[in-house]
Structures are given as C-alpha cells and as structure tokens.
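A short worksheet on the structure shown next.
The values are calculated or read from the model by the stated rules, or taken from the named source; none is laboratory data. What you see is a predicted model; the values in this text were computed from it and never measured. Neighbour counts are summed over all protein chains in view; Cβ atoms, including those assigned to glycine, are modelled from backbone coordinates with ideal geometry.
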Amino acid sequence: MPQSFAKVALTPKWIGALFLALAVAAIFAALGQWQLGRALTTVGTKTTQTTTPLETLTKPGHGFKTDDTARKVTINISKAEFLGRVANRKQDNKTGTWHVALATLTNGDKLVIAYDFSTEADFFAFAPDGKLAGFYLPSEEPQPKKTRLFQSLSVEQLINQTDAPIGEVYPGFVAISDAQVANPIVIEQQQQKTEINALNAFYAVEWALFAGFAVFLWWRMVQDERLGLRQSPEK
C-alpha cells in the first residue's frame, strides 16, 4: 500500500525542501509587490486639500518633492522685490503674463512668488506683502529671455536678476491665488487618479506566478516520490 502524502512530506528531506520553496516564494512575492508599486502611479492632486504653512512643508535648499506639486500653502511676506514677468501664461482662456518677485518671508526665508496675472503688456502691479495663500509649484526649465520678460518661471534664472547675494531659496515657487491681490493666479488642478502601467502590472503577475510555482514544484516532487514508492516492485 502506498505511503500517504503527509508521511512522505514530513521526512526531514522534504521539510527542508519546503522551507527552501517558501523562502524562494517569499522572495518572488516581494519582487511582485515591488513591481506592483511601480505599476500603480497616482497623478494629479487632491481636490480637497488642507492649507499648510510653507515652512512646515519644506525648507530653502531642500530638493523639490513631486508630492508637493500644487499643494495649497500659506506664506507671510515682509517685503518683496519685483523681478520681472513670465510670458505665455494661460488663465480663463486668455493668454497673459505673471508678475514675479523675490519675497523675503517674516522668518527670513527667500521665496520666488508669482502674484498677478495680466493680459495688458504695460500693466504693473506692486508685489504684495502680509499673509497670503497660493499653490506651491516646481521651478521650470530656463528659456531665453528679453530684459525682464521671461519665457518660463525658472527660480535660478529669476534670482540671478538680483545684485546682492541672497543665499538659499526655496526650490519651487508659490503662485498667489489669494483674493487679496488684484488679479490672483488660477491654477487648474487635475483630479487625483491612479494610472496603471500595463507592463509593470504584467511583471507583477509573473512574479506572483513564480511564487506559486515554487510551492507547486515542491508538492510535485513529493508526489512523484510518493508515486515512485508505490510503483516500485515488491521484493
């Protein structure tokens, strides 16, 4: 009479093989989880956000974090120096410019702000001060400029307009959306959603199958030995 599966599987050889199979399966499962994390990407921003003081979100000299894009923040400006305008800004189906300035916050930090949208080439608005709200955005790639008319909002390019050394500044800039300014900037926010990368998702499924196959292979080998014992000729 053939031995039971449990009797064969509980021999030291196959118990050791089971632990090895489980270890391999765990590695494959971890790789699958990592691949799945790469397959799921969150884009856009939350439609409802808690407004956060900028200094609690990041600090001057720190790198810009992707998760901070379009975060609603508050800043407290003690003074601001006009730097110029940034062209080709779109708002309410109109094309215009942003006024930009280098702001000194009440705690001494330096920050580039965009504080006014205008469609008039000769319009000038003084830089605001006080406590204001806006959206924290990443610096853009520098583009050729004409005097104080910039084609992109590059923090480094803008602060090079100042004569005196200013030290470290925030890596991003704040677009002022506060109603206290004459023409607040409107930032269109993409609703947050999760996108799936099909290739990475396929790899994640593959790793899961490999993990299952490692355990199945152990079961198959035990079963083969059991069947081999049953089919071996009697002495």
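For the stretch 160-171, check the following and say yes or no: at least one residue is farther than 16 Å from Ala101 by Cβ and surrounded by 18 or more Cβ atoms within 10 Å (Cβ to Cβ).
Yes: the stretch 160-171 contains one or more residues that are farther than 16 Å from Ala101 by Cβ and surrounded by 18 or more Cβ atoms within 10 Å (Cβ to Cβ).
Go through the stretch 52-61 and count every residue that is in a loop (DSSP other than H, G, I, E, B) and either surrounded by 15 or more Cβ atoms within 10 Å (Cβ to Cβ) or of a type in the set (S, T, N, Q) (or both).
Of the residues in that region, 2 qualify.
Condition check: part of a helix (DSSP H, G or I) and modelled with pLDDT under 90. Does Gln3 satisfy that?
Against the criterion (part of a helix (DSSP H, G or I) and modelled with pLDDT under 90), Gln3 does not qualify.
Going by what's in this entry, would Asn200 be described as at pLDDT below 90, surrounded by 14 or more Cβ atoms within 10 Å (Cβ to Cβ) and not assigned by TED's automatic domain parsing to the domain that holds Leu10?
Criteria not met by Asn200.
Of everything in the stretch 65-93, what is among the polar types (S, T, N, Q), in contact with a Ser or Thr (Cβ under 9 Å, 6 or more places away or on another chain) and not in a strand (DSSP E or B)? Give them in sequence order.
The answer is Thr69, and nothing else.
Restricting the search to the stretch 66-78, which residues are within 15 Å of Phe173 (Cα to Cα) and modelled with pLDDT of 90 or more? Explain how you work it out, then say what you get.
We begin by selecting, within the stretch 66-78, every residue within 15 Å of Phe173 (Cα to Cα); these are 66-77.
Within the stretch 66-78, Arg71, Lys72, Val73, Thr74, Ile75, Asn76, Ile77 qualify.
Restricting the stretch 205-235 to residues that are modelled with pLDDT of 90 or more and among the small types (Gly, Ala, Ser), which is nearest to Ala17 (Cα to Cα)?
Ala214
Would you mind finding the one in Phe64, Phe135, Phe123 that is of a type in the set (A, V, I, L, M, F, W, C), closer than 18 Å to Ser152 by Cα and surrounded by fewer than 19 Cβ atoms within 10 Å (Cβ to Cβ)?
One residue alone meets the criteria, Phe64.
Failed condition for Phe82, given (1) surrounded by 13 or more Cβ atoms within 10 Å (Cβ to Cβ); (2) in contact with an Asp or Glu (Cβ under 9 Å, 6 or more places away or on another chain), with all others met?
(2)
Condition check: in contact with a strand residue (DSSP E or B) (Cβ under 7 Å, 6 or more places away or on another chain) and charged (D, E, K, R). Does Asp92 satisfy that?
It is false that Asp92 is in contact with a strand residue (DSSP E or B) (Cβ under 7 Å, 6 or more places away or on another chain) and charged (D, E, K, R).
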